[in-house]
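Down below is the structure, laid out as structure tokens.
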Amino acid sequence: MHSNKLGHTLAAGVAIVAAFNTLAALSLPVSERRPSLGTTLLWLALLLTHAALYWWGARVRERFGLRAYVAAQATLIFAVGLAGALFPVGLALLMAFTAEVIVLAGARWGTIPIAVGAISLFVVSSLIASDLYRAATAGLLLAITGVIAHAIAALLRREGPALPFAPVQSATPPTAHVVSAESADLTPREAEVLKALVSGARSSQIAAQLGITERTVKSHLANIYQKLGVDSRAAAVALAMQRRLV
């Protein structure tokens, strides 16, 4: 799934959660258990900010990096829990976010570290809220989420290569266009895109792996072709493999 579509879907879901959570808080029949108006508005602000980060997630990741995006979202979810909406709202948010991070970065960071990080975040929130029972329950649910998200990410990565690799001899560009690794002058991001291209990933898969938009991937590819002196994916892959550029 394209990272933009995933982010928009999650943003819509969180916005719906924000609306119903606010309605439920304001209409709670037992006045003694009804949260204050300030707390309700704080929940609403945190949830809408969380939704906005999902919606513009691709742009945020492109500008600030995937780690900064993950840290910002995790902080918001942690704040939701500390504000008193730990369960079930905070848990649901963390489960959805864990799934997204696994889809976006599971291949690089690993499913287990991501799931353990999510569980640790919720456990700390629960301990601060003195709710160890819910922390244990959440740990089980987050572990299940990690397994499911890992399976989905694996299926996405197994959609197949972007193109059948042409033989190096036939795909190699003319000698006049051959460049060395030193003179290629690829940026770190372009090198990541080229590496993913060599592995057989499609543009949409590269976008999901790197946490950027597909349009940005195509822009990087155009720059790579120009710097390598080639005009096709097959030629870029062949040259990268021949010259060991990645």
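No value in this document is a laboratory result; all are computed from the given coordinates. Values in this document were obtained by computation on a predicted structure and should not be read as measured data. For neighbour counting, all protein chains shown are included, and Cβ atoms are generated from backbone atoms with ideal geometry for every residue, glycine included.
In order along region 77-86, the phi-based Karplus estimate (6.51 cos²θ - 1.76 cosθ + 1.60, θ = phi - 60°) of 3J(HN,Hα) comes to 5, 4, 5, 4, x, 5, 6, x, 10, 5 Hz; Gly and Pro are listed as x.
Between residue 45 and residue 232, residue separation times 0.36 nm minus the direct Cα-Cα distance comes to 62.6 nm.
Peptides 199-212, 224-237, 27-40: what's the order by average Cβ count within 10 Å, highest mean first?
Working: 199-212: 21.9, 224-237: 18.6, 27-40: 10.5.
Going by the mean number of other Cβ atoms within 10 Å, highest first, we get 199-212, 224-237, 27-40.
Using Cα positions and a limit of under 23 Å, work out the lysines in reach of residue 195, with same-chain residues fewer than 8 apart set aside. Straight-distance partners of residue 195: 218, 227. What the Cβ-Cβ distance of residue 24 and residue 223 gives, at R0 = 51 Å and to the nearest 0.05, is a FRET efficiency of 0.55. Quick check on region 1-134: take the gyration tensor over C-alpha atoms, sort the square-rooted eigenvalues as a ≥ b ≥ c, and tell me if it's rounded (a/c under 1.5), prolate or oblate. Oblate, since a/c reaches 1.5 and b/c is not below a/b. Taken along the Cα-to-beta-carbon direction at a fixed 7 Å, the label points for residue 16 and residue 199 span 3.3 nm. The phi-based Karplus calculation (6.51 cos²θ - 1.76 cosθ + 1.60; θ = phi - 60°) puts the 3J(HN,Hα) values of region 17-33 at 4, 4, 5, 6, 5, 5, 4, 5, 5, 6, 9, 4, x, 8, 4, 5, 9 Hz, whole numbers, x for Gly and Pro.
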